[in-house]
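Asker: Before I ask anything, here is the structure I am working with.
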Amino acid sequence: MLIQIPLIIFVVAVIFLIILKFKKGDLSWRELITWLALWILVGLAVLWPHKTDEIAHFLGVERGANLLIYLSVLALFYLMFKILVKIEKIERRIAQIVRHISLKDDDQI
């Protein structure tokens, strides 16, 4: 399939960027392994799309593409949950810092 060539180039480029981010210290070992595993699985699905159909049938889903969409939606909901939890934690921390600075400023008046 003609679409496989640009998709594989994209997957390789993303893997390269992930490794660069890890070397810069932007990713932990855990994040590196997680992202590499995900993109390697994407690459495998691109190279052997019929295998996704076999896995989907084993799991009771009609087509491999449907299975990938279901898994993608689940992953997005999980990531959204993690981001919301992190934002709430940051907001609480900012509130603590602002309270601390405000009390410190009151002492100086």
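Asker: What are the residue pairs meeting all of these: first residue in region 32-54, first residue closer than 14 Å to GLN4 by Cα, second residue aromatic (Phe, Trp, Tyr) and part of a helix (DSSP H, G or I), Cβ atoms under 8 Å, and 6 or more apart or on different chains?
Answerer: Correct list of pairs: empty, since none qualify.
Table: residues versus (1) open to solvent by 80 Å² or more (accessible area, probe 1.4 Å); (2) modelled with pLDDT under 95; (3) in contact with a helix residue (DSSP H, G or I) (Cβ under 8 Å, 6 or more places away or on another chain).
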{"site": "ILE5", "(1), (2), (3)": "yes, yes, no"}
{"site": "ALA13", "(1), (2), (3)": "no, no, no"}
{"site": "LEU41", "(1), (2), (3)": "yes, yes, no"}
{"site": "LEU47", "(1), (2), (3)": "yes, yes, yes"}
{"site": "MET80", "(1), (2), (3)": "yes, no, no"}
{"site": "LYS86", "(1), (2), (3)": "yes, no, no"}
{"site": "ILE94", "(1), (2), (3)": "yes, no, no"}
{"site": "ASP106", "(1), (2), (3)": "yes, yes, no"}
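Asker: Inside region 19-57, can you point out the residues that are in contact with a Leu (Cβ under 6 Å, 6 or more places away or on another chain) and more than 23 Å from LEU67 (Cβ to Cβ)?
Answerer: Within region 19-57, LYS21, PHE22 qualify.
Asker: Further question on the same structure: Hey, among the residues in region 49-66 that are aliphatic (A, V, I, L, M) and open to solvent by 40 Å² or more (accessible area, probe 1.4 Å), which one's nearest to PHE10 (Cα to Cα)?
Answerer: ALA65
Asker: Does at least one position in region 84-102 carry a residue that is in contact (Cβ under 8 Å) with a residue 24 or more places away in the chain and out of contact with any strand residue (DSSP E or B) (no Cβ under 9 Å at 6 or more places or on another chain)?
Answerer: The first filter runs over region 84-102 and keeps only residues in contact (Cβ under 8 Å) with a residue 24 or more places away in the chain, leaving none.
No: region 84-102 contains no residue that is in contact (Cβ under 8 Å) with a residue 24 or more places away in the chain and out of contact with any strand residue (DSSP E or B) (no Cβ under 9 Å at 6 or more places or on another chain).
Asker: Criterion first (open to solvent by 70 Å² or more (accessible area, probe 1.4 Å) and either touching a strand residue (DSSP E or B) at 6+ places or on another chain (Cβ under 9 Å) or modelled with pLDDT of 95 or more (or both)) does LYS23 satisfy it? Let's see the steps before the verdict.
Answerer: On the way: open to solvent by 70 Å² or more (accessible area, probe 1.4 Å): yes; either touching a strand residue (DSSP E or B) at 6+ places or on another chain (Cβ under 9 Å) or modelled with pLDDT of 95 or more (or both): yes.
It is true that LYS23 is open to solvent by 70 Å² or more (accessible area, probe 1.4 Å) and either touching a strand residue (DSSP E or B) at 6+ places or on another chain (Cβ under 9 Å) or modelled with pLDDT of 95 or more (or both).
The values are calculated or read from the model by the stated rules, or taken from the named source; none is laboratory data. Since this is a predicted model, take the numbers as computed values, not measurements. Counting neighbours? That spans all protein chains shown, and the Cβs are built from the backbone with ideal geometry, glycine included. Note: areas computed on protein heavy atoms with side chains; ligands, DNA, RNA excluded. Shrake-Rupley method; radii C 1.70, N 1.55, O 1.52, S 1.80 Å.
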